[in-house]
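Below is one structure; the comments refer to it alone.
Laboratory data are not the source of any read-out in this text; all were calculated from the coordinates shown. Worth saying up front: this structure is predicted, and the values here are computed from it rather than measured. With ideal geometry, Cβ positions are generated from the backbone for all residues, glycine too; neighbour counts draw on all protein chains shown.
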Amino acid sequence: MGITSSLVNTFKTELLKGLHSFDTSGATPAGSVFKIALYTNSTTIDTTTAAYGGPTNELAATGGYSTGGNTLTNTGVGVSTVTSFTDFSDTSWTSASFTARGCLIYNSSTISGLTTDAAVCGITFGGDKTVSSGTFTIQFPTNDSSDAIIRITS
């Protein structure tokens with residue numbers, strides 16, 4: 001068991017099929033809707049995780065957390081010489097009281113040919129993170145070729 005920080009295999013295949021869109025330019029079709037769900041230390045999220053409904057032990061819908069997690073705001077797509085990348089704005093849960101070990105980013109859009117709630121990536125926090133009657137914030141890195149949460153490089 002455990003949470004591994006990695007893009008999942010199905011996401012890479014679905015990306016090549018054109019089933020995920022990180023476009024924030026207002027073009028048609030619009031970008032996909034991505035969400036982030038939190039999990040306990042009793043779950044497994046790795047490269048074989050295919051969908052949000054796959055991992056067990058999501059945090060309970062109490063203590064400031066709602067099942068399914070938060071909707072993410074994509075900060076756009078960029079490219080450097082050999083790396084394409086995208087990232088999200090920080091996200092928070094207020095009035096929170098819980099312990100999380102990691103998270104799953106998934107695509108909650110309804111797209112023909114896409115697995116329902118298709119997994120994008122798992123992220124481990126490196127250990128349990130606890131908040132008690134406070135704000136739990138996930139700070140995403142800078143949206144650039146060396147730090148963005150999703151990077152594809154040659």
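Multiplying the residue separation of residue 110 and residue 56 by 0.36 nm and removing their Cα-Cα distance gives an extension gain of 17.2 nm. Under 5 Å from the amide H of residue 77 lie the amide H atoms of 24, each residue being 5 or more positions distant or on a separate chain, with H modelled from the backbone and absent for Pro and chain starts. A straight chain from residue 153 to residue 41 at 0.36 nm per residue would run longer than the Cα-Cα distance by 37.3 nm. Each stretch of four or more DSSP H residues adds -39500 (n - 2.57); spread over every residue of the chain, this sum gives -1500 deg cm²/dmol at 222 nm. Residue order for 105, 152, fewest other beta carbons within 10 angstrom first, comes to 152, 105. Residues whose amide H falls under 5 Å from that of residue 108, counting only those 5 or more places apart or on a different chain, are 33, 34, 35, with hydrogens built in the peptide plane. Taking amide H atoms as placed 1.01 Å from N in the peptide plane, the amide H of residue 44 lies under 5 Å from those of 2, 56, each 5 or more residues away in sequence or on another chain. Straightening the chain between residue 142 and residue 33 buys 37.2 nm, computed as 0.36 nm per residue apart minus the Cα-Cα spacing. All distinct Cα pairs of the stretch 2-153 go into the 1/r average, and the inverse of that average, the Kirkwood radius, is 15.7 Å. Computed from the Cα positions only, the extents of the stretch 74-154 along the three principal axes stand at 43, 32, 20 Å, in decreasing order. If you model the stretch 77-122 as an ellipsoid using its alpha carbon gyration tensor, with each semi-axis the square root of five times an eigenvalue, the axes come out at 25, 19, 10 Å, biggest first.
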